[in-house]
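Quick notes on the structure that follows.
The values are calculated or read from the model by the stated rules, or taken from the named source; none is laboratory data. Everything numeric here is computed off the predicted structure, so don't read it as measured data. Don't worry about glycine lacking a Cβ; one is built from the backbone with ideal geometry, like all the others, and counts go over all protein chains shown.
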């Protein structure tokens, strides 16, 4: 099957400053793919290249097998992009904006689908309101709608939930999950790592224009850093042998310990028992994506020989 | 085809929805010029034999309005879209380079022609202007508005700030249109400025356009039309290549 997105050794420089340095990745059809990285890592540049908004300095990019430069019309027809900036055209109402966007894709009688999009994004009551008069959250929904008017097989969302309230965020994710279930490929950038962890099947992490991790979300979570144990003990002290494992003293007097793997839990218990310390409360936790992210970013601290 | 038609329609709506500012205001400005210049100069000048100065002025003002508004439409539309970021709505879809160019060009021409027609119709209420060869007038209006519409696309793509576009408009477009024989026949100018005018394509647009009304002009209408049409086509090609290169749009 043709990959939804193929990025092959893509680089981009802006006037001598390198934003992307030879990035390669593939997103398969039907995936829910996350693109993570700190600000300035090159996420938006990469998305812009995929969308044809920016031309790469080197390398090739394909959407559903179509080169984004050579075969730009087919590539763009296959792609829907929700831009990061909250942009809108102040001359039009919500419905007009969607109809015009549909026309740009060469689709005429599209009213049935446009009404469906309006309904799913909860915009029915605002359909004939001018874009200028909408709140930020509403404008964000319209942007999602505009990316969907041509029913693209591949949908890219560049930080769609930045500055969006909880209710809309959840509604948005329900809708996007549904699109993914219906067979759409989703590529997402976000700063909310718990969102990425919950939604994405596979994740690429970018730093300074390079991919520093590319794996399934599960493998990323497993591969790094074993597990965490939160303990409350009596008497309220830990044997010296365990001091090296303590990462944090939590509120309420609990200790947080990092262990390399689950086997170490047994040793931990044995050490406590030997020291005559009674366990009051204990919780074993998987590291979350945020911890993995921080670890990977620190490890990749010397990409390109730069700190 | 639908893509082109939609972009053209959107560009049309963009100025039509604010027609007080984009159509009525320039018509009124032209009428004020007519009022002031006709009042002060009527008794002094008879440019062509048998043509009153007030009548002479009308086609010039109408064409100036056509040219300035064609330029204003494409340049300000592109510039505003770039500034607000909503240019992505036309950059993301599969519009071809040709569709993109033609939609902006034709909408600019439409605005220019609508305003020009408005000036002419409004002036008719005050002044009797003959219409000797409407075909010549129309041909020059179309080619002239096309030239300025294409120039507007270039200026809109090139400008990153309101300031830069304003400079383009005030230091290039305005002097060129003002000094192109709108208010006078270039035969009344000193030799240096006469020669200078012959290098200004806008002079031929106005002169050829005026021929359509009075059947007489400073130079042959064939010469005017040839120069105006070839300038229009050359500039169109340049604009198309600029769009295709992605310059400042897909950087």
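Worth a mention:
- Of A:145, A:80, A:183, all but one fail to be assigned to a loop (DSSP other than H, G, I, E, B) and in the same structural domain as residue A:202 (by TED's automatic domain parsing); the exception is A:183.
- Exclusive hit being more than 10 Å from chain B (Cβ to nearest Cβ) and either crowded, with 16+ Cβ neighbours inside 10 Å or modelled with pLDDT of 95 or more (or both), set A:36, A:79: A:36
- In segment B:64-79, the count of residues that are in contact with a helix residue (DSSP H, G or I) (Cβ under 6 Å, 6 or more places away or on another chain), part of a loop (DSSP other than H, G, I, E, B), at pLDDT 95 or above and at negative phi is zero.
- Every residue from segment B:198-251 that is within 14 Å of another protein chain (Cβ to nearest Cβ) and out of contact with any strand residue (DSSP E or B) (no Cβ under 9 Å at 6 or more places or on another chain): B:243, B:244, B:245, B:246, B:247, B:248, B:249, B:250
- Subset of segment A:257-290 [surrounded by 15 or more Cβ atoms within 10 Å (Cβ to Cβ) and under 28 Å from the mean Cα position of the chain (by Cα)]: A:258, A:259, A:287, A:289
- Annotation: of all residues in segment A:56-76 being in contact (Cβ under 8 Å) with a residue 24 or more places away in the chain and touching a helix residue (DSSP H, G or I) at 6+ places or on another chain (Cβ under 8 Å), the one that is nearest to the other protein chains (Cβ to nearest Cβ) is A:76.
- Scoring residue A:46 on the criteria (1) at pLDDT 95 or above; (2) away from chain B (no Cβ under 13 Å); (3) out of contact with any helix residue (DSSP H, G or I) (no Cβ under 8 Å at 6 or more places or on another chain); (4) surrounded by fewer than 22 Cβ atoms within 10 Å (Cβ to Cβ) leaves a single failure, condition (4).
- Residue within segment B:13-26 that is crowded, with 19+ Cβ neighbours inside 10 Å and within 11 Å of another protein chain (Cβ to nearest Cβ) present: yes
- Some residue of segment A:96-105 being facing chain B (nearest Cβ under 8 Å) and part of a loop (DSSP other than H, G, I, E, B): yes
- When A:206, A:179, A:193 are screened for being closer than 17 Å to residue A:33 by Cβ, out of contact with any strand residue (DSSP E or B) (no Cβ under 6 Å at 6 or more places or on another chain), crowded, with 17+ Cβ neighbours inside 10 Å and without any contact (Cβ under 8 Å) to a residue 40 or more places away in the chain, only A:179 passes.
- Residue within segment B:90-98 that is more than 14 Å from chain A (Cβ to nearest Cβ) and touching a residue at least 60 places away in the same chain (Cβ under 8 Å) present: no
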